[in-house]
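Participant: Encoded as structure tokens, here's the structure I'll be asking about.
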Amino acid sequence: MADPTLRVALKYCGGCNPTYARSQVLQALQAHFPRVRFAPFRAEEDWSALVLICGCPAACARPPRGAETLPLFRVRALSEIPPVLRGLEALLGPAASSNEI
């Protein structure tokens, strides 16, 4: 069950030229962090971090207004998932993860 205090905001790129299935990023995040709530960014909510899920190396997605002070993690390819998992684990603490990178 997700801990309501551990919340990570998501923002997807526009998907104009995806080179991988961007849904795989969310699946990996949820599998690794079963205690964390992942949801689309909303400025009125409190977040621990922001993950920008970009479908290609151009990484044109930008953080939304109101998210400028959040720790930012950007995924441009499936190979970037493990470093993002490690970065989020360092930020959120090992208790938030399943410890399987």
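The values are calculated or read from the model by the stated rules, or taken from the named source; none is laboratory data. No experiment lies behind these values; they were computed from the predicted model shown. Areas reflect the complete protein model, heavy atoms only, side chains present, ligands, DNA and RNA absent. Shrake-Rupley method; radii C 1.70, N 1.55, O 1.52, S 1.80 Å.
Participant: For region 1-63, what is the accessible area per residue in Å² when the probe is 1.4 Å? Numbers along the way, then the final one.
Facilitator: Values: 3310 Å² over 63 residues.
Accessible area per residue: 52 Å².
Participant: Starting from the Cα gyration tensor of region 46-101, take the square roots of the eigenvalues, sort them a ≥ b ≥ c, and report rounded, prolate or oblate (rounded when a/c is under 1.5, otherwise prolate if a/b is larger than b/c, else oblate). It would help to have the intermediate numbers written out before the result.
Facilitator: Details: a/c = 3.33, a/b = 1.21, b/c = 2.74.
It comes out oblate by the Cα gyration axes.
Participant: Could you run the Debye sum over the Cα atoms of the chain, one equal point scatterer each and no solvent, and tell me log10 of I(q)/I(0) at q = 0.13, 0.14, 0.19, 0.24 Å⁻¹, two decimals?
Facilitator: Relative scattering, expressed as log10 I(q)/I(0), comes to -0.41, -0.47, -0.89, -1.37.
Participant: Give me the tail of P(r) for region 14-72 as a percent: Cα-Cα pairs with distance above 18 Å. All intermediate terms of the calculation are to be shown ahead of the outcome.
Facilitator: Working: 698 of 1711 pairs.
Percentage above 18 Å: 41.
Participant: Same structure again: Carbon-plus-sulfur fraction of the accessible area of the chain, 1.4 Å probe, in percent?
Facilitator: Working: 3020 of 5570 Å².
It is 54 percent, rounded to a whole number.
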